[in-house]
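The values are calculated or read from the model by the stated rules, or taken from the named source; none is laboratory data. Everything numeric here is computed off the predicted structure, so don't read it as measured data. Cβ atoms come from the backbone with ideal geometry, glycine included; neighbour counts cover every protein chain shown. Calculation scope for accessible area: heavy atoms of the full protein, side chains included, ligands and nucleic acids excluded. Shrake-Rupley method; radii C 1.70, N 1.55, O 1.52, S 1.80 Å.
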There are 2 protein chains.
Amino acid sequence: MKLQAALALCLLLVTVSPPRSQAAARDAKALAINPLPDWNDGAARSSIIRFVESVSRKGSPDYVPPPERIAVFDNDGTLWAEQPLYVQVFFISDRIHALAPEHPEWQNQEPFASVLRGDMKSALAGGEHAIMEMAMATHAGMTSEEFDKIARDWIAHARNPATGKLYTDMVYQPMLELLTYLRGKGFKTYIVSGGGVEFMRPWAERVYGIPPEQVIGSSIKLKFELRDGKPVLVRLPEIDFIDDGPGKPVGIQMRIGRRPIAAFGNSDGDLQMLQWTAAGSGPHFCLYVHHTDGVREWAYDRQSSIGRLDKGLDAAAENGWTVVDMKSDWRRIYPAVATR
Amino acid sequence: MKLQAALALCLLLVTVSPPRSQAAARDAKALAINPLPDWNDGAARSSIIRFVESVSRKGSPDYVPPPERIAVFDNDGTLWAEQPLYVQVFFISDRIHALAPEHPEWQNQEPFASVLRGDMKSALAGGEHAIMEMAMATHAGMTSEEFDKIARDWIAHARNPATGKLYTDMVYQPMLELLTYLRGKGFKTYIVSGGGVEFMRPWAERVYGIPPEQVIGSSIKLKFELRDGKPVLVRLPEIDFIDDGPGKPVGIQMRIGRRPIAAFGNSDGDLQMLQWTAAGSGPHFCLYVHHTDGVREWAYDRQSSIGRLDKGLDAAAENGWTVVDMKSDWRRIYPAVATR
């Protein structure tokens with residue numbers, strides 16, 4: 001009897017909580033019916049689905065063969081939050097604190113002294129020169145493998161000071177759905193970001209499903225060396241490429257060698273990428289994420305020092321690009337399940 | 001009776017020459033039994049198959065998940081012939097002839113004057129500086145789209161002066177089989193060449209099945225511009241990156257962001273790429289193509305000015321890398337069917 005009861009219980013459990021594959025199949029079925037569950041019905045959602053279906057449905061006049069279905073995404077402010085400062089700026093700040101014991105001179109040397117006093121605003125007041133100095137001090141001098149580990153360890157624990165959330169929990173759920181939807185329709189999804197390429201790669205695959213070879217970003221120079229017969233790539237304190245603004249189409253051409261047919265951004269730094277995409281000879285789709293939700297996220301556009309969207313808003317209106325109103329278009333901002 | 005005879009004939013024809021899909025299925029079956037038909041039995045062929053099977057068979061102790069199955073191939077001398085000169089040098093020469101009417105000053109200006117007299121040897125005697133000058137004069141000054149068309153048109157008609165064959169008919173049949181075999185086993189195949197990335201991309205997909213985003217090469221700088229409101233990428237006469245020697249591991253890290261597990265080269269310019277691959281923590285495979293066949297191709301190694309294989313031969317012996325003896329390992333050099 002006991003054995004029978006146990007067996008019955010087992011059977012019940014199996015019936016009540018379907019095995020993982022069944023749940024996955026159910027999720028897949030739900031997504032097939034509604035591929036963008038956290039997008040409210042509206043012009044933005046409709047325009048995405050109309051475009052994606054028209055280029056991927058065989059026999060459609062706008063059909064695009066799968067190898068040409070290239071979709072490019074900005075990262076900061078488009079796939080994850082960029083306020084109160086770019087995530088990589090917090091990384092730089094934390095690295096300066098971690099490295100300070102080896103650099104006693106930083107106590108009296110700007111912009112480092114301000115960072116060590118916790119005054120990021122003054123540190124950044126030094127402009128591009130100060131940012132570069134901080135970036136080089138924290139991103140160069142180690143091997144690529146060592147930097148990968150530093151970035152990986154940091155992102156696993158660092159939290160946004162405004163929300164207390166892990167940065168990787170502040171990715172936009174509707175954009176994750178969009179990435180999945182596009183890949184399901186044969187698109188190759190790329191990140192094209194002003195951020196450091198080797199800062200993003202360690203977590204982009206886990207968080208966005210985007211493998212390292214599909215992450216395009218800014219970079220510093222690398223140097224091949226044999227150290228005790230072992231080859232290493234040393235990170236040099238020298239800019240190789242800035243993947244921002246007019247650099248984005250350049251990065252796309254250098255790395256992909258094909259013009260995207262879909263581009264997604266949120267700031268004027270993405271404008272040239274959208275223009276480049278829109279100038280293709282075939283069907284194309286351009287979208288701006290507009291930060292309009294001061295309650296659930298942040299509201300900013302034309303006047304913001306971070307993620308300014310000014311010329312881009314005008315260009316979107318002029319060219320009929322899709323503009324996502326985060327407040328009304330998105331049912332949810334961040335993923336419901338925080339731990340991944 | 002006539003109808004019956006016609007029907008019988010039709011039936012016969014259908015039976016004798018199977019439709020394309022049946023032929024393709026037969027080819028696929030033959031390749032499944034022998035994935036490398038133009039490789040003779042021997043140590044090189046066995047080492048390739050042993051490695052590929054060991055990393056791709058589930059349950060194998062050396063199993064490598066598909067996303068990490070990155071294979072990198074040098075181009076000149078590894079995938080296609082590089083004698084009597086690199087193909088891109090012939091391209092440069094032909095472009096100088098084509099552009100000469102716009103540059104009357106070239107008649108008296110080296111290295112251009114030598115090229116126009118048909119004396120490539122003297123033109124190249126000016127060394128790296130002369131090569132750069134010729135490369136910039138022929139590769140810069142137009143948009144990326146314009147250059148794509150120039151390269152595409154040239155490769156469709158240009159022929160190797162020594163053989164009279166189209167350059168794209170001088171690709172190595174055994175290496176084409178190897179590319180197909182690797183892709184069938186879940187590998188992502190890349191070109192990592194000292195050649196110009198935008199020179200190779202226009203034909204690499206058609207000839208090797210390698211899409212533009214998997215071609216890594218040397219590059220010049222690009223500049224984004226709006227011309228009458230239309231965005232273009234202008235090719236600047238300025239080196240961006242030299243993807244040769246110690247530059248190859250750098251190019252791999254910058255573009256792919258993962259270490260390859262298999263690397264294929266033919267010269268000392270590939271040595272660092274093979275070293276970088278061999279230094280990975282998991283299973284790996286390194287192979288040198290050794291040009292030993294002076295009858296069917298060219299025989300050269302330690303003393304050659306083009307494609308010198310000297311340090312590489314020593315490193316291969318020291319590290320147990322596979323060395324392909326073209327003369328004995330390859331049943332055929334070039335594809336049987338010239339037209340593709």
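Compare B:Tyr63, A:Tyr288 by solvent-accessible area with a 1.4 Å probe and give them largest first, with all protein chains kept in place. Show your work: numbers first, answer last.
Details: B:Tyr63 75, A:Tyr288 0 Å².
The most accessible residue leads, giving B:Tyr63, A:Tyr288.
List the residues whose amide H sits under 5 Å from the amide H of A:Glu82, counting only those 5 or more places along or on another chain, with H placed 1.01 Å from N in the peptide plane.
Result for A:Glu82 returns A:Gly77.
B:Pro66 label points, 7 Å along Cα→Cβ, one per copy: pairwise distances from this copy to the rest in nm, shortest first?
Distances between equivalent label points, in nm: 1.0.
Mind pulling the angle between the C-alpha long axis of helix A:173-184 and the longest principal axis of chain A? Nearest 10 degrees, somewhere in 0 to 90.
70
Each residue of segment A:57-65 in order: what ³J(HN,Hα) in whole Hz does its phi give by Karplus 6.51 cos²θ - 1.76 cosθ + 1.60, θ = phi - 60°, with x for Gly and Pro?
For segment A:57-65, the Karplus-derived couplings read 7, 4, x, 5, x, 9, 4, 10, x Hz, x marking Gly and Pro.
Can you give me the Cα centroid spacing of segment A:114-157 and segment A:291-321 in angstrom?
If you average the Cα positions of each part, the centres end up 27 Å apart.
Roughly what would the spin-label model give for B:Asp62 and A:Met142, points 7 Å off Cα along C-beta, in nm?
Using points 7 Å along Cα→Cβ, the separation is 3.2 nm.
In debye to the nearest 20, how big a dipole does segment A:253-340 give about its Cα centre with +1 on each Lys and Arg Cβ and -1 on each Asp and Glu Cβ?
Numbers: 11 positive and 10 negative charges, 89 e Å.
It works out to roughly 420 debye.
Counting Lys +1, Arg +1, Asp -1, Glu -1, what net charge surrounds A:Gly280 among other residues with beta carbon under 10 Å of its beta carbon? Walk me through the numbers before you get to the answer.
On the way: positive: A:Arg258, A:Arg259; negative: A:Glu68.
Here the charged neighbours net out to +1.
What angle do you read, to the nearest 10 degrees and between 0 and 90, between the alpha-carbon axis of helix A:2-16 and the longest principal axis of chain A?
80
Can you tell me how segment A:13-103 classifies by the Cα gyration tensor, rounded, prolate or oblate, using a/c under 1.5 as the rounded cut? It would help to have the intermediate numbers written out before the result.
Details: a/c = 2.69, a/b = 1.51, b/c = 1.78.
Oblate, because a/c is 1.5 or more while a/b does not exceed b/c.
Relative contact order (percent) for chain B, with alpha-carbon contacts under 8 angstrom and 6 or more residues of separation?
Details: 516 pairs, mean separation 71.0, N = 340.
About 21 percent, as a whole number.
Under a plain spin-label model, where a point goes 7 Å from the Cα along Cα-to-Cβ, how far apart in nm are A:Asn319 and A:His129?
Distance between label points: 3.5 nm.
Compute the normalised compactness of the protein assembly as shown: alpha-carbon radius of gyration over 2.2 N^0.38 Å, N being the residue count. Please report the intermediate quantities before stating the final value.
Working: Rg = 28.0 Å, N = 680, 2.2 N^0.38 = 26.2 Å.
Cα-based Rg divided by the globular estimate yields 1.07.
Length gain on complete extension for the stretch B:Ala30 to B:Val295, per 0.36 nm per residue less the alpha carbon to alpha carbon distance? Mind showing how you got there, number by number?
Numbers: separation 265, 0.36 × 265 = 95.40 nm, distance 2.91 nm.
Separation in residues times 0.36 nm, less the Cα-Cα distance, equals 92.5 nm.
Provide the solvent-accessible area of A:Ser305, counting protein heavy atoms only and rolling a 1.4 Å probe, rounded to the nearest 10 Å².
110
Work out the mean other chain Cβ neighbour count within 10 Å for the residues of B:52-62 and drop it here as an integer. The partial results should precede the final answer.
Values: counts 0, 0, 0, 0, 0, 0, 0, 0, 0, 0, 0.
So the per-residue partner count for this stretch is 0.
Go through B:His97, B:His157, B:His103 and list them by solvent-accessible area, largest first, probe radius 1.4 Å.
Details: B:His97 85, B:His157 140, B:His103 50 Å².
Ranking B:His97, B:His157, B:His103 by accessible area, largest first, yields B:His157, B:His97, B:His103.
Does segment B:279-335 come out rounded, prolate or oblate, given a ≥ b ≥ c as the square roots of the eigenvalues of its C-alpha gyration tensor, rounded meaning a/c under 1.5 and, failing that, prolate meaning a/b above b/c? Don't skip to the answer; put the middle values down first.
On the way: a/c = 2.70, a/b = 1.49, b/c = 1.80.
Taking the square roots of the gyration eigenvalues as a ≥ b ≥ c, segment B:279-335 is oblate.
Where does each of A:208-217, B:263-272 land if you order them by average Cβ count within 10 Å, highest first?
Details: A:208-217: 21.5, B:263-272: 26.9.
Ranked by mean Cβ neighbours within 10 Å, highest first: B:263-272, A:208-217.
List every residue whose amide H lies under 5 Å from the amide H of B:Val324, counting only residues 5 or more places away in sequence or on a different chain, with H placed 1.01 Å from N in the peptide plane.
Correct list: B:Tyr288, B:Val289, B:His290.
Let a ≥ b ≥ c be the square roots of the eigenvalues of the Cα gyration tensor of chain A; is it rounded (a/c under 1.5), or, if not, prolate (a/b larger than b/c) or oblate?
Details: a/c = 1.67, a/b = 1.25, b/c = 1.33.
Cα axes put chain A in the oblate bin.
Quick one: give the max-minus-min coordinate of the C-alpha atoms of segment B:113-197 along each principal axis, largest first, in Å.
The Cα atoms of segment B:113-197 stretch 50, 32, 25 Å along their principal axes.
List the distances, in nm and shortest first, from the label point of A:Gly229 to the matching label points in every other copy, placing each point 7 Å from Cα along the Cα-to-Cβ direction.
Label-point separations across copies, in nm and ascending: 6.6.
Give me, ordered by chain and number, the residues 5 or more places off A:Trp39 or on other chains with an amide H under 5 Å from its own placed amide H.
A:Arg331
Please compute, for peptide A:246-253, the average count of beta-carbon atoms on other protein chains lying within 10 Å of each residue's beta-carbon. Before the final figure, lay out each step's value.
On the way: counts 7, 3, 1, 8, 7, 1, 3, 10.
Mean shielding count: 5.
Please list, in order along segment A:141-148, the HN-Hα scalar couplings obtained from phi with the Karplus expression 6.51 cos²θ - 1.76 cosθ + 1.60 (θ = phi - 60°), rounded to whole Hz, x for Gly and Pro.
For segment A:141-148, the Karplus-derived couplings read x, 10, 7, 4, 5, 5, 5, 4 Hz, x marking Gly and Pro.
Tell me, what ³J(HN,Hα) does each residue in segment B:24-37 have, in order and in whole Hz, if you take phi through Karplus 6.51 cos²θ - 1.76 cosθ + 1.60 with θ = phi - 60° and put x for Gly and Pro?
5, 5, 5, 4, 4, 5, 4, 5, 5, 6, 9, x, 10, x
In deg cm²/dmol, rounded to 500, what helix-only [θ] at 222 nm does chain B give when every DSSP H run of at least 4 residues adds -39500 (n - 2.57) and the total is split over its residues?
Details: 14 runs with 148 residues, N = 340.
When only DSSP H runs of four or more count, the value is -13000 deg cm²/dmol.
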